[in-house]
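Down below is the structure, laid out as structure tokens.
The values are calculated or read from the model by the stated rules, or taken from the named source; none is laboratory data. It should be emphasised that the depicted structure is a prediction, and the values quoted were computed from it without experimental measurement. Cβ atoms come from the backbone with ideal geometry, glycine included; neighbour counts cover every protein chain shown.
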């Protein structure tokens, strides 16, 4: 099925949005690189195949829905208690989901022609909005849009997690990736 012009509803049934978090510090070997998946999100894509600049996209993610789907590295496997502790830190200290229950993205500009599109927009994370650029690859034969952006947590007022007096920490930069079917 090919991608088609029109307004399309998006959500977990149409694809994945993941956040890749990387360990850092002199004790980085002890920690894990993580892949978190947004399990509750919705959005709308207004697609104009013939005139990509007329296209728009909006996404809203439930910030409490980020779940660990992969953990690599570390001196021992990530256990259930570790996963619960990480989830608690994300909700209570990093994103403060009680005050910031949503992460949103609203496009402001779309440029390029398929298969490579550039999407500029405003990302609101932890209550602060910043412009971001997405590099999007469109596979017109399958109707899939995939890509990524890298953000700095500190640009959103987030202090990256650290432990052991800073010997183990999370890098300031995280990658946001997506692979979404546009019907």
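Hey, any hits in segment 30-42 for a residue that's at pLDDT below 90 and farther than 25 Å from residue 146 by Cβ?
yes
Please state which one of 40, 44, 16 is within 30 Å of residue 139 (Cα to Cα) and in contact with a helix residue (DSSP H, G or I) (Cβ under 7 Å, 6 or more places away or on another chain).
40
Going through 180, 151, 176 one at a time, which residue ends up being surrounded by 15 or more Cβ atoms within 10 Å (Cβ to Cβ) and within 17 Å of residue 56 (Cα to Cα)?
Of the residues listed, the single one that is surrounded by 15 or more Cβ atoms within 10 Å (Cβ to Cβ) and within 17 Å of residue 56 (Cα to Cα) is 180.
Check segment 67-78 and report whether any residue there is out of contact with any strand residue (DSSP E or B) (no Cβ under 7 Å at 6 or more places or on another chain) and assigned to a strand (DSSP E or B).
Taking every residue of segment 67-78 in turn, none turns out to be out of contact with any strand residue (DSSP E or B) (no Cβ under 7 Å at 6 or more places or on another chain) and assigned to a strand (DSSP E or B).
Just to be sure I understand, how many residues within segment 49-63 are closer than 12 Å to residue 138 by Cβ and over 23 Å from the mean Cα position of the chain (by Cα)?
1
Wholly within segment 2-50, which strands (runs of 3 or more DSSP E) include no fewer than the required count, namely at least 1 residues that are in contact (Cβ under 8 Å) with a residue 40 or more places away in the chain and within 19 Å of residue 76 (Cβ to Cβ)?
Counting at least 1 such residues, we get 15-21, 33-38.
From the list 95, 66, 78, which residue is under 18 Å from residue 19 (Cα atoms), surrounded by 14 or more Cβ atoms within 10 Å (Cβ to Cβ) and over 15 Å from the mean Cα position of the chain (by Cα)?
78
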